Amino acid sequence: MESKIIPVVPIRGGAVFPGVTTTISIGRRRSLAAAQAASRSNGELLITVQYNTEIEIPGEADLAPIGILAKVRDVLRAPHAGGVQMLVELKERVNFTGLLQTDPYLTGTYTALETQKQPLKDSDIQLMADAIAHLETYAETLGEINQQVLTATRSRRNIGDLADYLAGLLNIPFDLEVELFKELDGSTRLGMIRDYLQQELRISQIRSDLEGEAREGANKAQREFLLREQMKAIRRELGEEPESAADELRQKVDDAGMPEEVYARVNKELKRLNGQNPQSAEAGVIRTWVETLADLPWSTSTEDNLDLKHVRDILDEDHSGLDDVKERIVEFVAVRKLAGNQMKGAIINLNGPPGVGKTSIAQSVARAMGRKMVRISLGGVRDEAEIRGHRRTYIGALPGRLIRALRDVKTNNPVIVLDEIDKVGADFRGDPSSALLEVLDPEQNTNFQDHYLEVPFDLSQVIFITTSNEAGRISAPLYDRMETIDMAGYIEDEKVEITTSHLLRKQVKGHGIEEGQIELEDDSIRLLIRRYTREAGVRQLERQVGSVVRKVAVKVAAGEKGPFKIAPDDIREFLGREKFRFGKAEENDEVGVSTGLAVSSVGGDVLAIEVSLSEGTGRVQLTGSLGDVMRESAQAALTYARTNARSLGLDPAVFDKANIHIHVPDGATPKDGPSAGIALSTAIISAFTNRPIRRDVAMTGEVTLRGKVLEIGGLKGKTIAAHRAGIKTVLLPRDNARDIPELPDTIKEELDLIPVSHLDQVLEAALLDPIGPAFTVAGLNTNDSVDEVTLPVGSVEVLDQPVMVQQKAKNKQQR
């Protein structure tokens, strides 16, 4: 077909459709020039759509490939519209084939479309009917029915004409307008418009439903209000007095069982409330305060189960070990049984590392006694008002956590767990630990004063159980008010029992596996404890058991049949390489290597202490991340060896000619404390005398310059570590002999526990016969005799830092 040249006007932000005469706003200089040029000639103009509205001078790629051939009827100035209005008659779609020029206006070429009139199909007729029906429904929904428009719509007999008429009539999104503008098939265009109308009808229906629900809710509230007013009027006619909110509140106060002085104070406030405007802020404050007091359990308590056997059974069922804690709870129940309500509540602090069961045993106490339990976490609490509450004059004032807990639990004798009491802080808002002094003092908590209540509340029947990880961080006055039970953690046998009776069952049930399908051998459990966990409690152990159970769950889900017996090799396969190691006894009896015992928050361990001698100038070097106290213990041990050199068969002068290096392996782990004193002394003396130390002997105890062995702590954990490492004999201070009955039976039966009071006893039990001459260096005058042991002034180098050690020196007397 022949291309024709014609002025082009691109329109932005919308589209027009053929078959109507309409006005188009012109805002660009080139578009106005094109319209004026068309008016001066035959009036023909090509209108097309510009995709990007931001472009001032569009290129060919910025314009739609379809245009509308139009005839300009008039060009009018429209000041109120901010530009020029062009009245055009939109005739038909044409192919826009390209731009020729852009100045002084856009000129392009077009070709006519080849169209063939097709008779209407049944589907087209149905589509036209559906579109008109949707339009009528849409117009009715909007409330904009125009009969003239509807008549004009129904008069359209061509499906394309109907589509173009509806597209120009509706407020269609720009993207859809562009698609309709470019689409040449009339059926397709009308289908797109019908789908758009259907979507708009659905949105309109949803909006109508929401508005209907809102109106219904408002009408319901209004209806209820009218019914209530009618009920009041009916009661007045019948002579019945309606029950007011004030009467309900008074009845609630009467039923609360308050003490007389509290009841009198509340009645006074109720009288004030009756004289207040119900809508005033003061009335709201008083009403909330009275309701809070009425909700408190002034006289409501649970009945204790004082059957000692039942209490023991519950505690043993929930926890293995922890005999000290269980015994204290049983004692409390026994006294409660004898003394009745005259006995005040217990205040017990459970101190120990994480995961040893402090919080869970509090739950068991509540279950065993038939009491309710509430837990209050104090970690990070820095505001005193968290304990005592706020003055009720403040906006949003609340009682403290204790009063709120009693209100929620609805009994005045629950078990209250104050968790992480060692982590209470203090700042400008006050010191919560000071507020706890009254709570945890049996002599004062009978009249606990909450700032919000302003009346006393009796806390004496409450069992307070506090938990802490480090008792040293608790303030001294607060610590003095509590009975502290140290929970050092579980020994290995207890962990095995806990895993078998609790952890494995819990994990099996939690992973959907039938009970009895997984069996963990004792050796497998011990491998988990020793090689895959390092803790005082059992949290890590439970996670590792869960990992093993998940591996088995994969097999079960894949169709494998149980039961599954988990051996140590299976543990290594499931969990990979071993993560931890534990100390073991030395393989041979060696000179200068003793076995000490240590304890930490995760339990006890054995550690080798190595002493190496070399010719030198008397320098002493200590390595292995040793703390100040342990360094001082090494100095004391060396001084004892110097002082007793003659009795040990040594020349005192050898200490001035020998460099001494003391090392404790596992250098990345800090070590400190005085309990390695006798192990250091034994290793030093063994190195100088060339006497091997028995590899099956471990020792712990502080040593003095005179050789006395002093008491140490952590004996339970240390002996357990020695037993695990294969040690046969443990040397311990005589003052610690009183702790032996508290050790596990397996420890007492399988270890030879020898109390010692002096280093001589340690050397006698630990050292073997010499395997060669004692350590000496060249140049010593072995014929010198000494009337008195003399030690020259020397220097001790600790971690390469020289520290002068003052020693009393006397001149040698030549014989």
Value at 222 nm in deg cm²/dmol, rounded to 500, when DSSP H runs of n ≥ 4 in the chain each add -39,500 (n - 2.57): -12500 deg cm²/dmol
Distance between region 512-562 and region 126-185 - C-alpha centres, whole angstrom: 70
Binned Cα-Cα distance frequencies in region 172-294 - 10 Å width, integer %: 10, 20, 16, 14, 9, 9, 11, 9, 2, 0
Cα-centred dipole magnitude for the chain, charges only on beta-carbon of K, R (+1) and D, E (-1), debye, nearest 20: 1380
Label-point gap, in nm, between residue 92 and residue 215 - each point 7 angstrom along Cα→Cβ: 5.0
Angle in degrees between helix 677-689 and the longest Cα principal axis of the chain, rounded to the nearest 10: 60
For region 477-523: rounded, prolate or oblate by the Cα gyration tensor [a/c cutoff 1.5]: oblate
Nitroxide proxy distance, nm - points 7 Å out along Cα→Cβ at residue 170 and residue 53: 2.0
Among 511, 681, 637 the positive-end extreme of the charge dipole of the chain (Cβ point charges): 511
Heavy-atom SASA rank of 298, 289 (probe 1.4 Å, accessible area, largest first): 298, 289
Interchain or long-range residues, amide H under 5 Å from residue 602's placed H: none
In Å², nearest 10: area of residue 115 left accessible to a 1.4 Å probe: 120
The chain - accessible surface per residue (Å², probe 1.4 Å): 52
Given charges at beta-carbon only (K, R positive; D, E negative), |dipole| of region 381-443 in Debye: 460
For region 479-486, Karplus couplings with θ = phi - 60° (6.51, -1.76, 1.60), whole Hz, Gly/Pro x: 4, 5, 8, 10, 8, 8, 10, 7
Net dipole in debye of region 457-516 [+1 Lys, Arg Cβ; -1 Asp, Glu Cβ; about Cα centre; nearest 20]: 260
Protein accessible area in region 574-697, 1.4 Å probe - carbon and sulfur %: 45
Positive dipole terminus of region 1-123, leading residue within 88, 119, 55 (C-beta point charges): 88
Carbon and sulfur %, accessible surface of region 30-182 computed with the full protein complex present, 1.4 Å: 48
Reachable lysines from residue 506, criterion Cα separation under 30 angstrom, eight or more residues apart if same chain: 309, 326, 358, 372, 495, 551, 555, 561, 565, 579, 716
Peptides ranked, highest mean first, by Cβ atoms within 10 Å: ranges 744-750, 712-718, 498-504, 6-12: 6-12, 712-718, 498-504, 744-750
Among 340, 398, 549 the positive-end extreme of the charge dipole of the chain (Cβ point charges): 398
All lysines inside 23 Å of residue 657 as judged from Cα atoms, apart from same-chain residues fewer than 8 positions distant: 808, 810, 812
Convex hull (Cα only) mean projected area of region 321-387, reported in nm² to one decimal: 6.0
Under 23 Å from residue 268, Cα to Cα: lysines that are on another chain or at least 8 residues apart: 252
From the coordinates shown, semi-axes √(5λ) of the Cα gyration tensor in Å corresponds to which of (1) 90, 48, 29; (2) 51, 38, 21; (3) 45, 35, 27: (1)
Cα-Cα P(r), region 547-621, percent of pairs per 10 Å interval: 13, 25, 21, 18, 12, 7, 3, 0
Convex hull (Cα only) mean projected area of region 152-241, reported in nm² to one decimal: 9.5
Segments 459-468, 322-331 sorted - mean Cβ within 10 Å per residue, highest first: 459-468, 322-331
Distance in nm between pseudo-label sites at residue 407 and residue 3 (7 Å out along the Cβ direction from Cα): 8.5
Cα gyration tensor shape of region 418-544, rounded if a/c is under 1.5, else prolate or oblate by comparing a/b with b/c: prolate
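The values are calculated or read from the model by the stated rules, or taken from the named source; none is laboratory data. What you see is a predicted model; the values in this text were computed from it and never measured. Ideal geometry is used to build each Cβ from the backbone, glycine not excepted, and the neighbour counts take in all protein chains shown. Ligands, DNA and RNA are stripped out before the accessible areas are found, and what is left, the full protein with its side chains, is counted by its heavy atoms. Shrake-Rupley method; radii C 1.70, N 1.55, O 1.52, S 1.80 Å.
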